[in-house]
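Data first, discussion second: the structure below is written as structure tokens.
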């Protein structure tokens, strides 16, 4: 018998942060795409905010969510490019206790199949801080759909094997760690 027992789906509390100098609730198509997908998957929307692309505004929102016990995941859309106003990676990286380099690498690999070499201009990244997964992705709705549909939907599902992020997130109900996903370093 396998030591990897199938676990049931467990809804997570996910916050969505749109970083943009121009988006409003009425035209936030990327934030809406993430909200629709996370709700359709059975998760809970813990909070949703839009802030301007400013390092300290971004950091303040993310820091608050990292601190809160009722937020398991923070999804950030926008500000990951190379323009002067793209500040999400600079704002978020200092907050990360553990980086998840595979997210950005996999996102760019999948995106290459969709948009070709333009994917090199994405500074998508992810990491964990205080038991909260933080994922930064580009601001286009298609990029958000790609990240959710091809990476996050599985990684935020406790029943996905052999590994998923649910085992690593801060929630008393989700505290059991699957030894098959723990590093032996």
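The values are calculated or read from the model by the stated rules, or taken from the named source; none is laboratory data. No experiment lies behind these values; they were computed from the predicted model shown. Every residue, glycine as well, gets a Cβ built from its backbone with ideal geometry; the counts of neighbours run over all protein chains shown.
Of the set (1) in contact with a helix residue (DSSP H, G or I) (Cβ under 6 Å, 6 or more places away or on another chain); (2) touching a residue at least 40 places away in the same chain (Cβ under 8 Å); (3) surrounded by 17 or more Cβ atoms within 10 Å (Cβ to Cβ); (4) within 18 Å of residue 34 (Cα to Cα), all apply to residue 129 but (4). Among the residues of the stretch 4-27, how many are farther than 24 Å from residue 68 by Cα and either in a strand (DSSP E or B) or in contact with a helix residue (DSSP H, G or I) (Cβ under 9 Å, 6 or more places away or on another chain) (or both)? Residues meeting the conditions: 3. When residue 80 is tested against (1) without any contact (Cβ under 8 Å) to a residue 60 or more places away in the chain; (2) surrounded by fewer than 22 Cβ atoms within 10 Å (Cβ to Cβ); (3) assigned to a loop (DSSP other than H, G, I, E, B), exactly one condition is not met: (2).
Being out of contact with any strand residue (DSSP E or B) (no Cβ under 8 Å at 6 or more places or on another chain), in a loop (DSSP other than H, G, I, E, B) and modelled with pLDDT under 95 narrows it down to one residue among 118, 159, 180; which is it?
Details: 118 fails: in a loop (DSSP other than H, G, I, E, B); 180 fails: in a loop (DSSP other than H, G, I, E, B).
Matching residue, one of 118, 159, 180: 159.
Quick check on this structure: which one of 140, 129 is over 26 Å from residue 8 (Cβ atoms) and under 13 Å from the mean Cα position of the chain (by Cα)? Don't jump to the end; show me each part of the working.
Numbers: 140 fails: under 13 Å from the mean Cα position of the chain (by Cα).
Exactly one of 140, 129 is over 26 Å from residue 8 (Cβ atoms) and under 13 Å from the mean Cα position of the chain (by Cα), namely 129.
All of (1) out of contact with any helix residue (DSSP H, G or I) (no Cβ under 7 Å at 6 or more places or on another chain); (2) without any contact (Cβ under 8 Å) to a residue 12 or more places away in the chain; (3) crowded, with 16+ Cβ neighbours inside 10 Å hold for residue 72 with one exception: (2). Here residue 59 clears all of (1) modelled with pLDDT of 95 or more; (2) more than 25 Å from residue 163 (Cβ to Cβ); (3) touching a strand residue (DSSP E or B) at 6+ places or on another chain (Cβ under 7 Å) except the condition numbered (3). Provide a single number: the residues in the stretch 28-51 that are at positive phi and assigned to a helix (DSSP H, G or I). Residues flagged as at positive phi and assigned to a helix (DSSP H, G or I) within the stretch 28-51 amount to 0. May I ask you to list the residues in the stretch 19-59 that are over 17 Å from the mean Cα position of the chain (by Cα) and loosely packed, with under 14 Cβ neighbours inside 10 Å? Within the stretch 19-59, 21, 22, 24, 25, 26, 27, 56 meet the criteria. Do the conditions hold for residue 55, that is, is it under 17 Å from residue 15 (Cβ atoms) and in contact with a helix residue (DSSP H, G or I) (Cβ under 8 Å, 6 or more places away or on another chain)? So residue 55 does not fit the description; no.
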